[in-house]
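Colleague: Structure incoming, see below.
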Amino acid sequence: MEDPMATYEFTCRRCGGFDLSLPMSQAAARARCPRCGNEARRRYTAPALRTISAGLSRAADLADGSAERPRVVRAIPPAVTAPGPMGPAHPLQARLPRS
Ligand SMILES: [Zn+2]
């Protein structure tokens, strides 16, 4: 039977974190740091996060990002000043096929 590969995260005291792809049967608590060769410890928390869907993960990243670097609105967004309900919202809309 095929041995599935999985990505594991390790933390080197000197260099910080790195990922290693290993067959699941060879996943160990420790690995050699690819940069300095020191022993690195496996981080057990992160892999569980990868079981959530990509969309949920992206949303969580966005939420985290907005906490640290919120996007500040300095002007009224263009959509607000665009033509009213009868005007084209986007130039490409005029090229849509009409029935
Ligand atoms: Zn290292």
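The values are calculated or read from the model by the stated rules, or taken from the named source; none is laboratory data. Fair warning: this is a prediction, and the values are worked out from it, not measured in the lab. Positions of Cβ are backbone-derived with ideal geometry, glycine not excepted, and every protein chain shown enters the neighbour counts.
Colleague: Quick check on this structure: which one of ALA54, ALA46, ALA82, ALA67 is touching a Gly at 6+ places or on another chain (Cβ under 9 Å) and modelled with pLDDT under 75?
Modeller: When all the criteria are applied, what remains is ALA46.
Colleague: Here's a follow-up. Among the residues of the range 1-16, which ones are within 10 Å of the ligand (Cβ to nearest atom) and within 14 Å of ARG43 (Cβ to Cβ)?
Modeller: PHE10, THR11, CYS12, ARG13, CYS15, GLY16
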